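Take a look at the structure set out below.
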Amino acid sequence: MSKLSLSRRSFVKASAIAMAATSVGFAAQASDALAEGEDATAGEVKRIRSCCRACGKVECGVWVTVQDNKVIKVEGDESNAHSRGHCCAKSQSSMLALYHPDRLRYCMKRTNPKGEDDPGWVRISLAEAFDEAGSKFKEVVEKYGGQAVVEEINRKFRGVAADESPDCEKAPSETAAADISGGKEADRSSDQRKGLFRKKCECVANQYLLSARENEVLFYLARGFNAAYLQEKLYISEGTAKTHIRHIYAKTNVHSQQELMRMVNDVQV
């Protein structure tokens, strides 16, 4: 068998070529998903100031780079008073809603019960979708009253889960009070305190011009919960949670969670 002769320099050169080829292949696949494989070097490029739509609230300011009438980049707008140049992963990936080949393009209806391996999605028209949603709203109104629909919409806007568990939501002091009092009266008292505390948070949010999302974060942060809890409760990433906390501290001019908790507790409503 002939002896292989490969110098160190040749090995390094071959490795570099292989790595470059792998990177090119990966980049091409990502480009297909993000912007349908468009050439980043051709056509007129424009930067347009806009607002992010990824969370549905259109709050954060962004710069959108457009080429040949297609979005190729989303980045934060540092002049925006709310987001201050921050652009989370959800915002940067919002292009997927426009160009991903598997994006949702029309109304779909589940035909199999939840929990089944196959949801049985079928395509329906927009009119059918409105009729279906209207009938479900009607069922809720007939069973629970019209306030149930309004309250659910309010929860969705503010990010509060409809099935909040009082046991996991209570701050340590609230849990101790409930254990001492016991029974339905303790639960009712805890709910009243929670409602009063939320009003205090809203007063702080209005005074310091916090966004709706920052108000949600403030509610948990001022009750002693940490960033890890915010991630799980609000379904946000670690970076997004820390960014919201940083913005709240900057707007309210506090430097610690304890200072923020004292500020909220001292509010008179």
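The values are calculated or read from the model by the stated rules, or taken from the named source; none is laboratory data. Only a predicted model underlies this, so the values are computations on that prediction, with no experimental measurement involved. Reconstructed Cβ throughout: ideal geometry from the backbone, glycine too, with neighbour counts over all protein chains shown. Ligands, DNA and RNA are excluded from the accessible area calculation, which covers all protein heavy atoms including side chains. Shrake-Rupley method; radii C 1.70, N 1.55, O 1.52, S 1.80 Å.
What's the local net charge at A81, with K and R +1, D and E -1, over the other residues with C-beta under 11 Å away?
Within the 11 Å Cβ shell, the charges total -1.
Of C107, C55, which has the most accessible area with a 1.4 Å probe, and how do the rest follow in descending order? Present the calculation step by step, with values, prior to reporting the outcome.
Working: C107 40, C55 80 Å².
Correct descending sequence by accessible area is C55, C107.
Highest mean first, what order results for 223-231, 209-217, 250-258 on Cβ atoms within 10 Å?
Taking the mean over residues of other Cβ atoms within 10 Å, the ranking is 209-217, 223-231, 250-258.
With 23 Å as the limit, write out which pairs from K143/K233; K194/K233; K90/K233; K200/K251; K114/K194 have Cα-Cα distances beyond it, or answer none. List each step's numbers first, then the result.
Working: K143/K233 29 Å; K194/K233 17 Å; K90/K233 17 Å; K200/K251 16 Å; K114/K194 33 Å.
With Cα atoms farther than 23 Å apart: K143/K233; K114/K194.
Note down the accessible area of M108, probe 1.4 Å, to the nearest 10 Å².
That residue has around 70 Å² of solvent-accessible surface.
Select from region 55-108 those chymotrypsin sites (Phe, Trp or Tyr not before Pro) which occupy a DSSP coil region and have at most 14 other Cβ atoms within 10 Å, ordered by residue number.
Y106
Can you tell me the relative contact order of region 214-269? Whole percent, Cα pairs under 8 Å, sequence separation 6 or more.
40 percent.
Going by amide H atoms built from the backbone, whose H comes under 5 Å of the H on E59, apart from near neighbours?
C52
Starting from 0.36 nm per residue, how many nanometres of slack lie between R193 and Q268 once their C-alpha separation is accounted for?
25.7 nm
Report the FRET efficiency, 1/(1 + (r/R0)^6), for K46 and V140, where r is their Cβ-Cβ distance and R0 is 30 Å, rounded to 0.05.
So, using R0 = 30 Å, E works out to roughly 0.10.
Quickly work out the S125-to-M108 label distance, labels modelled 7 Å from Cα along the C-beta direction, and quote it in nm with one decimal.
2.2
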